[in-house]
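See structure below.
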């Protein structure tokens, strides 16, 4: 395995009295795509949100264990959550662009950091749009409302928006689940390009998608991490029977 | 080929088929009746507004048969040095009746505008607190109390301002008149703050959780999320609450009648007594003889009041719609 980016040790997470994640231990490599698969309610999305502390926003969530990014525990008291989320960007299942112009969506993160220089804002908008392969579609309409874009374009704009604050890790929570096959293909191609620069963790319902885009795959079931290995291994020769049953479509 | 009767065999048959036929015919009639009933109810509001409008105009327009249009602005008369003066006064019962609406309009604005400013600051802040900051349990307890405030009879608020508020501000600020526009606008705020707070809370709460998540996910803190995402996204709702508050301030009668001093001064000083259009109608309508100049003048005030609120709402609606269409704030 390449250089490690995220290390999780013995993580347990509870929603009130209900345990949602049980003893998760996983090492996620830098600048690779890691996919989380598993049936609904298996805890994969919950675990994704652990990685940038989005669970903090939900009441009654408790967790123990360690989550290290570059060797530093992100649940340490000295960690600034706001800073953490700038390093660990997130793309959600449904596109959630702000009801603002395309341009204002792209530079939202920069404006949060107090950057006002028009040139810097414009450069970043262009650069991230090119990274997200949407520049040609939006360059002539940056002042139009973001919500006038098509669903697939909106989702890629969400990715561009997340990239604008130069995160190290990009978390994607079923980014293509609401999209048509062509838009999905575009997003997958995009993920492929992005891994040269970013560490990507993607949650997906779609096993073919995991097989296509990821280097490593983790299979979750009932809050436990059942198996974690190279994607090729998980899909062709899994060690554990449950994984085999799931990836071959026998349940889930 | 399958015909209708064959298909019908697969449906659940009622015991008496002739009854079922009459039921279905009756159901069609019932459907139509229900539709008509709800349509009429929906149109009733429109019909009543039109009727009020017609009545108001029918009576008010007669004022022009008694009083000239310019007389509603000012009265020209010679002063001691034989210089022609324009007098902006409302003295309808004086020997030379003066019907200028100017002091009444400024009086209305002088109570309504400060009240709206105060209420916007506190009302929107309270709405933000309820929707974004308060713990759900606190909110559940606090929101009904704030809304209850709006249910206090305005005569009670007017009385409190008259008896206690005026004295308090008299000692504190030493104004020119004890009862003045400022005291009235504080009283108005007590009614308007709950309205704005409650509607702002509704508007903010309606913003989808996705947008908040997007903002927090980008590393925004709570204040940035509120000011840059939630408030702009709820802009039209919050504006609507403020406009509604202003409309209430212009239309409110009892508080201004009791606390504003009721002297029709032409002034821009909030610490002087003023008389609003509503208070004028309320105070004088009971004593005026029907059919007199004064009577029609009061109806004309009604028209002016109606037109002001109508155009306020209309222009606000247009602005909000434009904003919404552009989707950029």
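The values are calculated or read from the model by the stated rules, or taken from the named source; none is laboratory data. Please read these numbers as outputs of a predicted model, since none were measured by experiment. Cβ placement follows ideal geometry from the backbone for every residue including glycine, while neighbour counts extend to all protein chains displayed.
Numerical summary
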item: Odd one out for residue B:243, checked against (1) crowded, with 24+ Cβ neighbours inside 10 Å; (2) in a helix (DSSP H, G or I); result: (1)
item: Filter result for residue A:36 (assigned to a strand (DSSP E or B) and surrounded by 15 or more Cβ atoms within 10 Å (Cβ to Cβ)); result: yes
item: Selection within segment A:53-63 - under 18 Å from residue A:167 (Cα atoms) and either within 9 Å of chain B (Cβ to nearest Cβ) or in a strand (DSSP E or B) (or both); result: A:54
item: Within segment A:64-157, helices (runs of 4 or more DSSP H) holding 1 or more residues that are within 25 Å of residue A:181 (Cβ to Cβ) and touching a residue at least 40 places away in the same chain (Cβ under 8 Å); result: A:102-106, A:118-131
item: Segment A:237-251 residues that are within 13 Å of residue A:222 (Cβ to Cβ), paired with ones that are part of a helix (DSSP H, G or I) (beta carbon under 6 Å, 6 or more apart); result: A:251/A:245
item: Segment B:246-272: number of residues that are buried (at least 20 other Cβ atoms within 10 Å of the Cβ) and either assigned to a helix (DSSP H, G or I) or free of Cβ contacts under 8 Å to residues at least 40 places away in the same chain (or both); result: 10
item: Tally, over segment A:151-168, of residues that are modelled with pLDDT of 90 or more, over 16 Å from residue A:193 (Cβ atoms) and away from chain B (no Cβ under 12 Å); result: 2
item: Selection within segment B:206-231 - in a helix (DSSP H, G or I), more than 7 Å from every other protein chain (Cβ to nearest Cβ) and surrounded by fewer than 18 Cβ atoms within 10 Å (Cβ to Cβ); result: B:209, B:222, B:223, B:227
item: Answer from A:200, A:234 - the residue that is buried (at least 20 other Cβ atoms within 10 Å of the Cβ) and outside any helix (DSSP H, G or I); result: A:200
item: Condition check for residue B:177: outside any helix (DSSP H, G or I) and either under 30 Å from residue A:84 (Cα atoms) or assigned by TED's automatic domain parsing to the domain that holds residue B:264 (or both); result: yes
item: For residue B:282: the one exception among (1) surrounded by fewer than 20 Cβ atoms within 10 Å (Cβ to Cβ); (2) at pLDDT below 90; result: (2)
item: Residue match in segment B:149-160 (condition: buried (at least 21 other Cβ atoms within 10 Å of the Cβ) and at pLDDT 90 or above); result: yes
item: Those residues of segment A:35-73 which are in contact with a helix residue (DSSP H, G or I) (Cβ under 9 Å, 6 or more places away or on another chain) and under 16 Å from residue A:210 (Cβ atoms), in sequence order; result: A:35, A:36, A:37, A:38, A:39, A:48
item: Search result, residues across segment B:281-298 that are more than 15 Å from residue B:67 (Cβ to Cβ), in contact with a helix residue (DSSP H, G or I) (Cβ under 6 Å, 6 or more places away or on another chain) and either without any contact (Cβ under 8 Å) to a residue 12 or more places away in the chain or part of a helix (DSSP H, G or I) (or both); result: B:281, B:282
item: Within segment A:90-108, considering residues that are facing another protein chain (nearest Cβ under 7 Å) and within 17 Å of the chain's Cα centre (by Cα), the one farthest from residue B:220 (Cα to Cα); result: A:94
item: Of the criteria (1) free of Cβ contacts under 8 Å to residues at least 60 places away in the same chain; (2) under 29 Å from residue B:268 (Cα atoms), which one residue B:129 fails; result: (2)
